[in-house]
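The structure under discussion appears below in the form of structure tokens.
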Amino acid sequence: YASLEQELYVMVQFEPGKVSLDDLESLYRHSTHFQIHPGAYPRIADSVGTLSRRIGEGETIYGVNTGFGKLASVRINGDSLALLQKNLVRSHAAGIGEPLPANIVRLMMALKCISLARGASGVRVELVDRIQQVYSADIIPVIPAQGSVGASGDLAPLAHMAAALIGEGDVFYQGERIPAGRALQMAGMASFELQAKEGLALLNGTQASTALALAGLFGAWRLALCSLTTAALSIDAAMGSSAPFHDEIHQLRGHRGQIDSARRLRELLAGSEIRESHLTGDERVQDPYCLRCAPQVIGACLDQLRQVAATLKIEANAATDNPLVLSDGDIVSGGNFHAEPVALAADQTAIAIAEIGSIAQRRIAMLVDPSLSFGLPAFLALDPGLKSGLMIAEVTSAALMSENKALSNPRSVDSTPTSANQEDHVSMACHAARRLLEMNENLAGILGIEALCGAQGVEFRTPLATSPSLQHAIRTIRNHAAPFDDERMISPDIEAMKTLVLSGDALCDVQQGVTAIEMTP
């Protein structure tokens, strides 16, 4: 912890190759300050020393003293190597669309620092320090969201980031969008010129795709945990059975996520009077799958997200530019910039998000259907017919679910050749990951509607009381949306619940006595 301008902030030290997802999530959510571990600096210096020596010996090295891509056979004179790097940044800053959110850009900058600090990129220590200085000054490069196909790296997004480091393009600074050069001057930073290999090292890499994929993962994980709370509300509202959540059932199958999900549902429902009333006088033999199979579906999604977390942790710590300076002094061209692992991870995340929303929407549909909800009034209205209750809220949830189903179609299979067929297979990782942000927004809307329906349904069971944990959840819900007793425009309530769900902790881990579910694979 340190004091900066009388404000308390957290400084996290990143050891390249060993950075945790927890630290990256803190940076993403709270704009945590970071610094590269000093132990990385000798490796960085060694790699640039090797590169300089090989250039001095007259060796031809791709992207250092040659052109790029299809132009790799063009040799560049030694006195033009710095200009080559600047020209690369300028020509590749070809993105379009709305700027990426500031927290995504901050994460990109941190990931690029981590990658360069692995000591295989042949860049100066001063470049790594420059990125940290710009980050610490809260200068946010304007990075258009569209333009990367996720091979040869996220070229366009990273070019816009690199341009800001040398005073070109636009940035957000002190609440305004202004030219980068002006912002750097205002922050007291001297001009900065890229040297041999440095523009290429900045542009090659998967940091835009990885930052977006991490943001999607962090959001999806919180929403998955929230869906267990809304599922428990629906189960109690529908007077569903607790028997399907018996631990031994899930131990006999053995999937970690399923076991975790069933335990969470048992803990959330513990102490509910509605549970006790269900034991007598209920002629139902089995509940519908949306209740009975909640641990199997949500648990499978948790395990999917854990696999994604394992992939993205590796990628966040990886050296992904080209060529790389190896430990034996060789400088070798390879393909670590190809973002296929990130693209597949993003597609996995998208499927999990869609499935969590799909089963939640079926629980909403069940609660508003009097033929399925075991005694609840139609559409959870006090006077069905005169009042429509939550009828159209359920329709909205169906619309959001359908959007997410379409958005979950895989992007990683949609390769197309680029750069005169030099880059003849690409990952499409960047927009595969970017669409996760929209999908999480949609899922939050679905879960917000389920929270409204579940709370309303439980309140109809009065005088029977739900569990202490779910009572706490309902109080939280009612602080943002009143009971739907009389007809009113429901849209503001849905938006309020969506915001509550997106806040994360409110419906995830507020309950006492609920065991934490870790994302760690």
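The values are calculated or read from the model by the stated rules, or taken from the named source; none is laboratory data. Just so we're clear, the structure is a prediction, and the values are computed from it rather than from any experiment. Cβ sites come from the backbone with ideal geometry, for glycine too, and all protein chains shown count toward neighbours. Heads up: the accessible areas ignore ligands, DNA and RNA and are worked out on the full protein's heavy atoms, side chains in. Shrake-Rupley method; radii C 1.70, N 1.55, O 1.52, S 1.80 Å.
What stretch of the chain, leaving out the sites themselves, is the longest with no trypsin sites (Lys or Arg not before Pro) in a DSSP loop having at most 11 other Cβ atoms within 10 Å? Maximal segment without exposed cleavage sites: 19-487. What is the helix-to-structure angle for 207-237, meaning the angle in degrees between its Cα long axis and the longest Cα principal axis of the chain, kept from 0 to 90 and rounded to the nearest 10? Around 10 degrees separate the two axes. Against the main long axis of the alpha-carbon atoms of the chain, helix 256-269 sits at an angle near 40°.
When Lys and Arg each count +1 and Asp and Glu each count -1, what net charge do the other residues less than 14 Å away from residue 520, Cβ to Cβ, add up to? Taking every other residue near residue 520 into account, the sum is -3. Annotation for residue 103 and residue 499: the two label points, set 7 Å from Cα along the Cα-Cβ direction, are 1.5 nm apart. Within region 14-107, which GluC sites (Glu not before Pro) sit in a loop by DSSP and count at most 15 neighbouring Cβ atoms inside 10 Å? Taking region 14-107 and a limit of 15 other Cβ atoms within 10 Å, the loop GluC sites (Glu not before Pro) found are 57, 59.
Kirkwood radius, the chain, all distinct C-alpha pairs, inverse of mean reciprocal distance: 24.8 Å.
Considering region 329-460 at the alpha-carbon level, its Rg and Dmax are found to be 21.5, 80 Å. Surface composition of the chain: carbon and sulfur make up 52 percent of the accessible area, probe 1.4 Å. Of 175, 408, 322, which is farthest on the positive side of the dipole of the chain, counting Cα position, with +1 on Lys and Arg Cβ, -1 on Asp and Glu Cβ, and the Cα centre as origin? Checking the options against the dipole of the chain, the answer is 322. Cα centroid distance between region 104-156 and region 17-69, in Å? Region 104-156 and region 17-69 have Cα centres spaced 10 Å from each other. How much of the DSSP bridge set in the chain is antiparallel, in percent, rounded to the nearest 5? So the antiparallel bridges amount to about 75 percent of the total.
Close amide H partners of residue 170, meaning residues 5 or more places away or on another chain with modelled amide H under 5 Å apart, are 142, 180. Taking all protein chains as they are arranged and a probe of 1.4 Å, the heavy atoms of residue 337 leave approximately 30 Å² accessible to solvent. Distance from the C-alpha centroid of region 168-243 to that of region 428-462: 20 Å, rounded to the whole angstrom. Solvent-accessible area per residue in the chain equals 40 Å², computed with a 1.4 angstrom probe and all protein chains kept. Angle of helix 340-368 to the longest C-alpha principal axis of the chain, folded into 0 to 90 degrees and rounded to 10: 20°. Counted by Cβ distance under 12 Å from residue 81, the other residues give a net charge of 0, where Lys and Arg count +1 and Asp and Glu count -1. Using the Karplus relation 6.51 cos²θ - 1.76 cosθ + 1.60 with θ = phi - 60°, the per-residue 3J(HN,Hα) values for region 184-201 come to 5, 5, 4, 7, x, 9, 6, 4, 9, 10, 6, 10, 3, 6, 6, x, 4, 5 Hz, with x marking Gly and Pro.
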